[in-house]
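**Student:** Sharing a structure, written as C-alpha cells. Questions coming.
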Amino acid sequence: MLQVHNLEVVYDDVMLVLRGVSLAVPPGDIVALLGANGAGKSTLLRALTGLLDVHRGRIARGTVTLDGQPVTGLRPAQLVKRGITQVMEGRRIFGELTVEENLRLGGHTNPRQLRQRLGHVFTLFPVLADRRRGTAGYLSGGEQQMLAMGRALMSDPRYLLLDEPSLGLAPRLVDQVRDLIVEINRSGTGVLLVEQNATMALSIASHGYVMETGKVVLDKPAAELLADEDIREFYLGLSAVGAGGDGAQRRSFRDVKHYK
C-alpha cells in the first residue's frame, strides 16, 4: 500500500502548502483526489515522486511509506524502481522525438523488459503502435496524453499517479482516457487520480479524497461522494436549491467540511 502520513510541505522555507495530509492508495485500487486549483494536489504528487526540490519545496514533516517501508526523500529514479510513477499535468512528452523513442525513455529503468513493455503499451494503445515512427509533437492532444500514460507504464509501475489526465480534452476523448485508466487498473496497477472532472474520477474510483487549502477535508467511498450534496454543489456544479440561479450563493467548502 502507498500511504501518506501527516505530510507537511514547504516552498522556499516560508510557504506552507500541505498541512498534515494523510491518505492511502491500496494495491490494485483507483483512488480519486479532488480539489480546486491551488488546493495542493500537484504538490502532493510531487512529494510522492521526489520532485519537490525542482520547485524549491521540501517535506517539513510527515512520511511517505510503500508497503510499510519509508520512502520519504528518495530520488525520483529510486521511486520509479520501487514502482511509483507519475504522469504530470500537461503531458510533458518529448515533441521532437518519435513515439517509440518517447516510450523507450520511459523504460530506461527496466531495460531487460523493454521489448515486453513496448508490446504491452502498443496493445493497450493501438494508435501509438500505428504512429510509433511518427514525431510525437504532431500527435493530437488525446494521443499525446496516451503517449504520456504509455511512457509511464514502460517502467511497469505498481502505482500510477495521474495529474489531470483529462485536462483540455474533448468529451469523447475524456471518455476514452477514463476507459484506459480502468484498463490499466485491471492489469493490477494502483492509480491515484487527480482530477477536476469529479464525475469522471468518482465514476471509476473506489475511494475519494477532497482537498482544500492544503488539507484533506473529506474522504469517503467514491459512490458516497457522488451522492453527497455538498460535493455535487461544489465539484459537480449541481445544487438542490437554485442550481446556477441568481439566488444561489457559492459558499466555501469550509462551511460544510470535516477536517481529517
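**Student:** Rank these by accessible area, largest first, 1.4 Å probe: Met88, Met149.
**Tutor:** Details: Met88 70, Met149 0 Å².
Putting Met88, Met149 in descending order of accessible area: Met88, Met149.
**Student:** Determine which residues of the stretch 204-230 fall in the zone a paramagnetic label at Met1 would reach in this model, i.e. backbone nitrogen under 20 Å from the point 7 Å along Cα→Cβ.
**Tutor:** Taking a point 7 Å out along Cα→Cβ of Met1, the residues of the stretch 204-230 whose backbone N falls under 20 Å are 205-211, 216-225.
**Student:** Now, a different point. Placing +1 at every Lys and Arg Cβ and -1 at every Asp and Glu Cβ, with all other atoms neutral, what dipole size does the chain have around its Cα centre, in debye to the nearest 20?
**Tutor:** Dipole of the chain, to the nearest 20 debye: 820 debye.
**Student:** Taking the convex hull of the Cα atoms, report for the stretch 70-122 its projected area averaged over all directions, in nm².
**Tutor:** Computed as one quarter of the Cα hull surface, the answer is 4.6 nm².
**Student:** What is the packing order of peptides 14-23, 171-180, 38-47, 195-204, taking the mean over residues of other C-beta atoms within 10 Å and listing the highest first? It would help to have the intermediate numbers written out before the result.
**Tutor:** Working: 14-23: 17.6, 171-180: 15.3, 38-47: 22.6, 195-204: 20.9.
Highest mean packing first, the order is 38-47, 195-204, 14-23, 171-180.
**Student:** Amide H to amide H under 5 Å from Ala60: which residues, 5+ apart in sequence or cross-chain, H placed 1.01 Å off N in plane?
**Tutor:** Amide H to amide H, under 5 Å and 5 or more residues apart or across chains, Ala60 pairs with Glu8, Val9, Val10.
**Student:** Could you give the angle, 0 to 90 degrees to the nearest 10, between helix 171-186's Cα long axis and the longest principal axis of the Cα atoms of the chain?
**Tutor:** Between the helix axis and the principal axis of the chain, the angle is about 70 degrees.
**Student:** Counting only protein heavy atoms and a 1.4 Å probe, tell me what percentage of the chain's accessible area is made up of carbon and sulfur.
**Tutor:** Taking all protein chains in place, the chain shows 48 percent carbon and sulfur surface.
**Student:** Another question about this same structure. Add -39500 (n - 2.57) for each DSSP H run of 4 or more in the chain, then divide by its residues: what number comes out at 222 nm, to the nearest 500 deg cm²/dmol?
**Tutor:** When only DSSP H runs of four or more count, the value is -9500 deg cm²/dmol.
**Student:** Rounded to whole Hz and in sequence order, give me ³J(HN,Hα) for the stretch 90-97 from the Karplus expression 6.51 cos²θ - 1.76 cosθ + 1.60, θ = phi - 60°, writing x for Gly and Pro.
**Tutor:** x, 6, 6, 7, 8, x, 8, 8
**Student:** Would you mind computing the Rg to Rh ratio of the chain from its alpha-carbon coordinates, Kirkwood style for Rh?
**Tutor:** Result: Rg/Rh = 0.98.
**Student:** On to the next question. What's the FRET efficiency of Leu105 with Glu224 using the Cβ-Cβ distance as r and R₀ = 41 Å, to the nearest 0.05? Don't skip to the end; give the middle numbers.
**Tutor:** Working: r = 40 Å, r/R0 = 0.98.
According to the calculation, E is roughly 0.55.
**Student:** Right, next: Where only protein heavy atoms count, and the probe is 1.4 Å, what is the accessible area per residue for the chain in Å²?
**Tutor:** Computed with neighbouring chains in place, this is 48 Å² per residue.
**Student:** Relative contact order for the chain using alpha-carbon pairs under 8 Å, separation at least 6, rounded to a whole percent? Spell out each step's value before the answer.
**Tutor:** Values: 499 pairs, mean separation 63.1, N = 260.
So the answer I get is 24 percent.
The values are calculated or read from the model by the stated rules, or taken from the named source; none is laboratory data. Note that the coordinates shown come from a computational prediction; the quantities given were computed from them, not determined experimentally. Quick reminder, even Gly has a Cβ in these numbers, built from the backbone with ideal geometry, and neighbours come from all protein chains shown. These accessible areas exclude ligands, DNA and RNA; they are computed on the full protein's heavy atoms, side chains included. Shrake-Rupley method; radii C 1.70, N 1.55, O 1.52, S 1.80 Å.
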